[in-house]
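Step one of this worksheet: look at the structure below.
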Amino acid sequence: MLRRLASLAAFAAALIVAAGSAAQPTGIALATYVGPDRLQKLVEGAKQEAALTIYTSAPVDDMKPLADAFEKKYGVKVTVWRSSSEKVLQRGLAEAKATRYDADVFETNGPEMEALVREKILTPVASPVIDELIPEARFLHRSWFGARLNIFAIAFNTKEVKKADLPKTYEGFLDPRWKGKLGVEAEDGDWFSGISAELGEKKAEQLFRDIVRRNGMSVRKGHTLLTNLVVSGEVPVALTTYNYKAEQLRRKGAPIDWYVIPPAIARANGVGVAAKAPHPHAALLWLEYELSVEGQNILYERDFIPTNRKVETNLNKFPLKFLDNRALLDDGSKWDKRYAEIFGERPTPK
């Protein structure tokens, strides 16, 4: 994934230039307006526009409660286009090249959001709500903001594995009791970059090569799929699930639980306003709403970890190591390659 991101970013500048100077984003005047009537202006304008289009990689059933609440509160019809984070970026770049601007809001993974910033597809925003966010959700360019945290967690099937038996360090997965029981998502080079920064690159590479050589590794595409395979018992222990999805399933009574080996690797997923948004008032109002206490509480109800400090949670009471999205964009090919070399698809030992 990160390697393809880097390739997309490398070609993006040429695509935008090819579109001509008329396609260069000019920003939205109200985006940086900080007057006391800012919110009033956004609400009035959004009601006149009456529509909003969001490109997101969030699951539809997770985005729907937020969209429904926004529609009910402001009378603005929300259209959600959902795909993978990579395809959200691809579509944003392709539409910029074609000088076609359908998206009002982009809502996806941090590295993809950074790629959109570099190509000036997002506009800088000033808003009082931004000051309520944790520092790791705010960036100097102010063109996107972390709306929720993706925390990489180890999920396990509670019928197949006893929590007391799970190791407290990654070295513990060298134990032969884990042979044929482990799995990872196919494109988690970003996770491995964080683990390598914590353990040291050489140590991390050798450790996970040894784990794979001794005990095998089931490699599956898609974090939701991987988490569901833990529930089914096909993959008893998954090292790279997203904690929110495992928590959602656990709360529904599925035989799954999760834990982290501190520090947990975390990445901010963000929201940003398109610089050429066809519904700029509604777009800015959405960003304001998603980052507000009201919007963040809706995300929390879906078991996401919110970034607004005014929202109390019980899901992030452990040390976190935040990934650097800009570094991931620049060095993605390195980590994708290394991850594939270590975890590349191979039969699970019987």
(request) Could you please let me know if ARG82 is without any contact (Cβ under 8 Å) to a residue 40 or more places away in the chain, touching a Pro at 6+ places or on another chain (Cβ under 8 Å), at positive phi and not assigned by TED's automatic domain parsing to the domain that holds TYR242? (result) no
(request) Could you please find all residues in the stretch 209-223 being within 24 Å of the chain's Cα centre (by Cα) and either hydroxyl-bearing (Ser, Thr, Tyr) or part of a helix (DSSP H, G or I) (or both)? (result) SER218, HIS223
(message) For the stretch 49-92, give me each residue that is more than 15 Å from ILE121 (Cα to Cα), in a helix (DSSP H, G or I) and of a type in the set (A, V, I, L, M).
(response) VAL60, MET63, LEU66, ALA67, ALA69
(request) Would you mention how many residues in the stretch 123-150 are crowded, with 22+ Cβ neighbours inside 10 Å and under 19 Å from LEU299 (Cα atoms)? (result) 8
(message) Against the definition (at pLDDT 95 or above and of a type outside the set (Phe, Trp, Tyr)), how does GLY200 come out, yes or no?
(response) yes
(request) Scan (1) surrounded by 15 or more Cβ atoms within 10 Å (Cβ to Cβ); (2) among the hydroxyl-bearing types (Ser, Thr, Tyr); (3) in contact with a Ser or Thr (Cβ under 6 Å, 6 or more places away or on another chain) for the single condition THR79 breaks and write down its number. (result) (1)
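Okay, residues lined up against (1) of a type in the set (Asp, Glu); (2) more than 15 Å from ASN269 (Cβ to Cβ); (3) in contact with a His (Cβ under 7 Å, 6 or more places away or on another chain):
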| residue | (1), (2), (3) |
| --- | --- |
| ILE134 | no, no, no |
| TRP144 | no, no, no |
| ARG148 | no, no, no |
| PHE156 | no, yes, no |
| LYS163 | no, yes, no |
| PRO167 | no, yes, no |
| GLU171 | yes, yes, no |
| PHE208 | no, yes, no |
| VAL212 | no, yes, no |
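The values are calculated or read from the model by the stated rules, or taken from the named source; none is laboratory data. All values derive from a computational prediction rather than experimental measurement. Ideal geometry is used to build each Cβ from the backbone, glycine not excepted, and the neighbour counts take in all protein chains shown.
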